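Everything on this sheet refers to the single structure shown next.
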Amino acid sequence: MSKRDRALGWTLLLGLLAAVPVFIQSGRWIDFLELTLFVAVMGQGWNILGGYGGQYSFGHALFFGTGAYIQALLQFKLGWSPWVTLWFAIAGAVLVGCAVGYLSFRYGLRGSYFALITLAFAEAFHVLARSLISVTEGGRGVQLPLNQDPGQAVASFQFTFANPFLQSYGFYYTVLFLFVLACAATWLMERSRFGAQLVAVRENEEAAEALGINAFRIKMGSICLSAAITASAGVYYVQKFLFVDPGIAYGPGKSVEALFAPIIGGLGTVLGPLLGSAFIHIVGETSKEAIGHFVGDRPGLDLILFGIMLLLVLGYMPRGLVGLLETAWMRLRADKDGPNA
Amino acid sequence: MELLGIEIPVFSWQTVLGSAVSGVFLGAIYALVALGLTLIYGVLHIINFAHGSLLMLAMYMVYFLWQHLGMDPYLAMLVVAPGGFVFGYLLQRGVIGRISHGKDEIILLATLGISIVIENAALFLFSADEKSVQVPYDLDGIDLGVTYVVYPQIAALGGCLMITAALWLFMARTDTGRAIRAVAKERQGARLVGINVEHIFAISFGIGTACVAAAASLLAPTYAVHPQFGYLFVLIAFTVVVLGGMGSFTGALLGGLIIGVTEQLGRLYLGESLGLITISAIFILILLFRPTGLFGQRLSQ
Amino acid sequence: MLEVTGVSKSFGGLKAVAELSLQVERGRIVSLIGPNGAGKTTAFSLISGFLKPDQGRIRFEHRDIAGFRPHAICRLGLVRTFQVVQPFATLSVLDNITVGAHTRIRQRKPAAARAREVAELVGMGAMLDQPAGALTVAGRKRLELARALATQPKLLLLDEVMAGLNATEIADIVAVVRDIRDTGITILLIEHVMQAVMSLSDDTHVLSHGRIIAHGPPEAVARDPQVIEAYLGHGAAKRIARTRGADRA
Amino acid sequence: MSKLPFRMTRRTFLQATAAGTALAAAGLAAGPRPAHAANVIKFGLIHPVTGFLQFSGTQCRYGALTAIEEINAAGGIKALDGATLEPVLGDAQSKAEVGAAEIEKFNEAGVAAIVGAYSSGISLATTQAAAKYGIPHVVDVGVNDKIVSRGLANTFRFGPGFGVITEAGVNGLIEINAAAGKPARTVVIVHENTTPFGSFMAELMKKGLEPAGFEVLDILPHPTPNKDFQNIALKIKEMNPDLIIPSHYYNENVLFLRTLQRQRIEPKAIYSVLGGASSQYRFVDEFPDAAQYVMDCNHWFDPRNPKAAALRAKTEAAGKSFSYEVFLAYTAVQFAADAMERAGSADRAAITEAMASSTWAGHFMPYGPTEMINGQNQGARPLITQVQGSAIEVVAPADYATAPAIFPRPA
């Protein structure tokens, strides 16, 4: 795909996403897009470490959860403004990323060992969040007061009770903003020395070291950026649902969601996480609707269908959706250019 | 007693010993679940997320054999273990091997996808109700003084030892066992000397599944099964595998026992909730300082 | 420029390199030869920081670099290539070389421009967009060289860049190595292709069982009976002397 | 790519996004539905029927669907010319964000009211999402008191929250103990700490029991799910309390009680508060020995009300266990349907209004006539049951008791 095609594609995509209120008024589909973008943001966070850096984390809930907990606790316990706490939430997650990265990379953990240690850290945080009741409120979770004064909607970063536009689109734009930010960061990274070196480390750490790349420092940079982006999804989650508990924050669910999207969409690509997330949600929604429509009340059947479709996609698209898209694009181009040439 | 500001309770020696003994029996259960996983991990180098779902599925099979045919759960092992082997073999050969194209990230998603399918198939077919096998000897046992040990616990420990021994003999004495070890060590080399690597992968996955099925029949008298049952043991099983060394059966056995005892003592002193941190702590420390585990050989990646 | 003094390294009980001492002077091409398993690659790994010496000193431009990490050594201007080539397989040739160029050049565009220059120098100008994984052996060897070169080294350690190539390809790469030297880069190379060693190097060290057994200009070293013994086994030197005599007769 | 039409309709947008997936057609077929078909009132049921909470979610859904079926069979909503209720099902997949997304769908489907969502965490998200559209939302089980205390006008809970349950548990225990001549003094509390439900209870219990002369020897929290209770059993054995108060979910409750039995631990009484299994017929049938004499302060129906017995028979005939999820969701739906009768309208605001002022008494719960204050039914309270033989008897409070408490239990 040429540079111009790509730029055009992105402009079109972002333009469409930004103009969503013009053609979608349905709360259901706004929410659908919101969830898709939310998972895409987490996926982009994972992608920076896993896709570009080749370090597969199974515990990205660590960053989502830490971001969410700090965001919730600072408001709950100290009454700080959410606009202030969010910086601490992101910084806190970056700190956790630093600590986990330092230990893992210093001791040279790669491949499945890295995957397992992130899993172990997420579980350790899960246990701590549940047990250190005086800090985290334990299993009862942290619940933030619901703002019901539309005048305070922006100040309280809550849009359940706000003017009609914010009520419908406030959180949509929040998560779209985060998504654009995450993509911009990824895009800039891809085009920077840091990005080139990160990919080099992924491809061959020894060769990268020989070429003067401090692999440890590069991987640290990658895990910190990854943590920051994933934590921003946690901030959004808390502001939208006003509740977090150990299971939501550190359970395996979010870790899995974060890695699904980029792997299906296309590892190490800017667009991959969005495509993957969209795919997951569309397949999830269609199988839910199809089962609901044709079979009726049979819990689990839709998820069986979802799982099977996932396996099929994995089997037939080894390069993810981005790979599929590129192949299709090339073919289209070839067809168009073919007769003229 | 206080340590670093944390109140450490004091218990009688009977309680501490009882806790440690109960840890041994709990550890046997961990080891049982981990035995199959360590083989799959050691040979295929994959993190099999479907392991818990396979355990759950086997538990259901044991339950149905008991419910409909009145088959004793221990006797059911003779049916579910071979059944598990066939299922595992086909799963690896027909699904995982076929769709993965040898890519790690796809294998990972494939096992996740399979666990989604199996879990929800269980929910769909068997409903969300907990099902438990009731055996007449459930409460009979031996009074060790410090704690009471019932026959199902003893059977789990004994079964664990026997399965470990059987696996060890199989790997050491049979041609298939040797071929599995060859593949685990040097995939390309094994291919060059004419070993059908895909077949060996599937055999290993099959044996791993058979192990977890055998574990299911030993767990059935103690635990009720439901579609989410697998989650109870998945993380622990990984910890045991890493602690013991990937691919090592003796490692899994000892790792299971060590973790069982550590966890019980940790829970005794730190409380049932915070005490679980001991498992994560062992996991992290082993990964950092001895990633090959207690008995593992040096494995690349 | 490079000064190795009394460096030893053992793995388990096996001494891979023992009391290794050698010197490389600025602007020269120095070769390190020896039979398989003599410890040549280990020596390279020690010099470039992939292994830590058990004892001994490694000085590069009067600075003790023993124990430095590879990336730090590279930044000082000493870079190695690998005997088993290690391209960044999914990246294009240009991107591979650009990674090397980034070591000195932060900005993307100048780094890519530099990479193009280097690619021209090693004769890869036409393959810039190919994925590195799809290159032939000869192509990969060149890429390995180009990537290292792009880091703007002062001293280049080449580990068997000619192994597995045919005669034409070897002739090409010999010319490239000379060109590199002519740009002012000092070269230390490990090589099995004797014809290349003879024609290229100003100075040769012979390593056997982890020890330097001979040192000097290549023609002189090639006649050293100890070297012949090391390569061809006990009594070989005498046999060769006899055949040479027969030839002359 | 050809030029995209600038203004997309919802339908074409869907087509565009779903293009490429084989099932796109199926998804479209089930697209937006008309808001109100003739004489049908859409009724949203949101429960976690897959994922970690699948058992309870399924039980709730069964109870709610049964209620809707019965209402329709009995002639629908009479004030609306016999309009029938049409259930719109939602699966929260045990995740709050999925629950909230389902509420958006309910809104577009035009539901008049919602019942759900079993867990406190999901209920917080669904009530909040429903509040945006003013859809009346009856919480069936979620016992977290914060669900109804945050001033959402659309949110109602017909059953009790944990504050009331714990208080009833404490008072019941004090009474029963006093009546038996105060044989029990020392107490150990064992509770789950993974969800809000168990986490809040322990402290409240302790605060209530100590002034009444009980000594709380220890509080032992544990996570859900939990594999093993031997440690807890050993600790209890060492402390040798008169009384054990467990509070957890079904599986853990079963495992805990069986472990006590295996370890031959026989306190004077096991008195659970929201005990999970302690007042479930299934448990009593499967493990009669472990269940014997166990008391439980839990959601329970008025044992003298024949409607409850009928529902139980029906539920068990359907192969389901008659658990509190079933009858709480069942009653929640009935409460909402009654509000529709009172409102004489399927309008959301009118139903909400009718719920807030409801005085409904036609239920089989021991709550008396309904009185909502801030969305909480004031009369809602638990009962105290005890397993006696193969029956679960109500032993307190006296006005509902079917048998006297056997306390302490016979040795």
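The values are calculated or read from the model by the stated rules, or taken from the named source; none is laboratory data. All of these numbers come straight from a predicted model, not from anything done at the bench. Using ideal geometry, Cβ is built from the backbone for each residue, glycine included, and neighbour counts are taken over all protein chains shown. Quick note on the areas: whole protein, heavy atoms, side chains included, nothing else; ligands and nucleic acids left out. Shrake-Rupley method; radii C 1.70, N 1.55, O 1.52, S 1.80 Å.
Quick notes on this one:
- Residue identified as small (G, A, S) and either at pLDDT 95 or above or in contact with a Lys or Arg (Cβ under 8 Å, 6 or more places away or on another chain) (or both) among D:A109, D:A153, D:A92, D:A117: D:A109
- Just one of the listed residues (B:T250, B:T278, B:T239, B:T209) is polar (S, T, N, Q), crowded, with 24+ Cβ neighbours inside 10 Å and more than 24 Å from B:F87 (Cα to Cα), namely B:T239.
- Residue within region A:140-148 that is more than 21 Å from A:G276 (Cα to Cα), in contact with a Ser or Thr (Cβ under 6 Å, 6 or more places away or on another chain), assigned to a loop (DSSP other than H, G, I, E, B) and open to solvent by less than 30 Å² (accessible area, probe 1.4 Å) present: yes
- Single residue of B:V95, B:V21, B:V62 found to be of a type in the set (V, I, T), open to solvent by 20 Å² or more (accessible area, probe 1.4 Å) and touching a strand residue (DSSP E or B) at 6+ places or on another chain (Cβ under 9 Å): B:V21
- Verdict on D:E104 being facing chain A (nearest Cβ under 8 Å), open to solvent by less than 10 Å² (accessible area, probe 1.4 Å) and part of a helix (DSSP H, G or I): yes
- Total residues in region C:97-141, condition assigned to a helix (DSSP H, G or I), free of Cβ contacts under 8 Å to residues at least 24 places away in the same chain and of a type in the set (D, E, K, R): 5
- Taken over region D:264-286, the residue count meeting the criterion of being assigned to a loop (DSSP other than H, G, I, E, B), within 14 Å of chain B (Cβ to nearest Cβ) and of a type outside the set (D, E, K, R) is 4.
A quick yes/no check of all residues on (1) open to solvent by less than 60 Å² (accessible area, probe 1.4 Å); (2) over 23 Å from the mean Cα position of the chain (by Cα); (3) within 14 Å of chain D (Cβ to nearest Cβ); (4) under 23 Å from B:A34 (Cα atoms):
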{"residue": "B:Y137", "(1), (2), (3), (4)": "yes, yes, yes, no"}
{"residue": "B:G141", "(1), (2), (3), (4)": "yes, yes, yes, no"}
{"residue": "B:T147", "(1), (2), (3), (4)": "yes, yes, yes, no"}
{"residue": "B:Y151", "(1), (2), (3), (4)": "no, no, yes, yes"}
{"residue": "B:A165", "(1), (2), (3), (4)": "yes, no, no, yes"}
{"residue": "B:R191", "(1), (2), (3), (4)": "no, yes, no, no"}
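- Single residue of region D:242-251 satisfying the filter (modelled with pLDDT of 90 or more and open to solvent by less than 10 Å² (accessible area, probe 1.4 Å)) that is nearest to D:F200 (Cα to Cα): D:S247
- The combined condition, being more than 9 Å from every other protein chain (Cβ to nearest Cβ) and open to solvent by less than 10 Å² (accessible area, probe 1.4 Å), is not fulfilled by B:P227.
- Within the span defined as region B:210-222, every residue fails to be in contact with a Gly (Cβ under 9 Å, 6 or more places away or on another chain), more than 26 Å from B:S132 (Cα to Cα), of a type outside the set (S, T, Y) and more than 14 Å from chain A (Cβ to nearest Cβ).
- In summary, D:K182 fulfils each of the numbered conditions (1) open to solvent by 10 Å² or more (accessible area, probe 1.4 Å); (2) within 17 Å of D:G142 (Cβ to Cβ); (3) outside any helix (DSSP H, G or I); (4) more than 14 Å from chain B (Cβ to nearest Cβ) with the single exception of condition (2).
- Matching residues in region B:167-189 - criterion: being open to solvent by less than 70 Å² (accessible area, probe 1.4 Å) and within 19 Å of B:S248 (Cβ to Cβ): B:L167, B:F170, B:M171, B:A172, B:T174, B:T176, B:G177, B:A179, B:I180, B:A182, B:V183, B:A184
- Test for A:L259: is it closer than 30 Å to A:R191 by Cβ, crowded, with 23+ Cβ neighbours inside 10 Å and touching a residue at least 12 places away in the same chain (Cβ under 8 Å): yes
- Residues located in region A:65-111, provided they are within 14 Å of chain B (Cβ to nearest Cβ), in contact (Cβ under 8 Å) with a residue 12 or more places away in the chain and open to solvent by less than 40 Å² (accessible area, probe 1.4 Å): A:V96, A:V100, A:G101, A:S104, A:F105, A:G111
- The residues in region A:275-309 that are open to solvent by 20 Å² or more (accessible area, probe 1.4 Å), more than 10 Å from chain D (Cβ to nearest Cβ) and over 30 Å from B:F126 (Cα atoms) can be counted, and the count is 1.
- One residue stands out in region D:76-94 among those that are within 14 Å of chain A (Cβ to nearest Cβ) and either touching a Ser or Thr at 6+ places or on another chain (Cβ under 9 Å) or without any contact (Cβ under 8 Å) to a residue 24 or more places away in the chain (or both): the one that is most open to solvent (accessible area, probe 1.4 Å), namely D:Q93.
- When C:V93 is tested against (1) surrounded by fewer than 18 Cβ atoms within 10 Å (Cβ to Cβ); (2) more than 13 Å from every other protein chain (Cβ to nearest Cβ); (3) more than 19 Å from the chain's Cα centre (by Cα), only condition (1) is not met.
- Residues that are surrounded by fewer than 17 Cβ atoms within 10 Å (Cβ to Cβ), out of contact with any Cys (no Cβ under 9 Å at 6 or more places or on another chain) and polar (S, T, N, Q) do occur in region D:294-317.
- Flag if A:L271 is aliphatic (A, V, I, L, M), open to solvent by 10 Å² or more (accessible area, probe 1.4 Å), farther than 29 Å from A:T160 by Cβ and within 12 Å of chain D (Cβ to nearest Cβ): no
- Test for A:I264: is it among the β-branched types (V, I, T), in contact with a helix residue (DSSP H, G or I) (Cβ under 6 Å, 6 or more places away or on another chain) and open to solvent by 20 Å² or more (accessible area, probe 1.4 Å): no
- Residue satisfying all of: in region B:53-111; of a type in the set (S, T, Y) and in contact (Cβ under 8 Å) with a residue 12 or more places away in the chain; farthest from B:A224 (Cα to Cα) among these: B:Y89
- Verdict on A:S277 being touching a residue at least 12 places away in the same chain (Cβ under 8 Å), in a helix (DSSP H, G or I), touching a Leu at 6+ places or on another chain (Cβ under 7 Å) and closer than 18 Å to A:F171 by Cβ: no
- Among the residues listed as A:F194, A:F177, the single one being within 14 Å of chain C (Cβ to nearest Cβ), at negative phi, open to solvent by 10 Å² or more (accessible area, probe 1.4 Å) and at pLDDT 95 or above: A:F194
- Leading residue by the ranking (modelled with the lowest pLDDT) among those in region D:62-75 that are of a type outside the set (A, V, I, L, M) and surrounded by fewer than 20 Cβ atoms within 10 Å (Cβ to Cβ): D:G75
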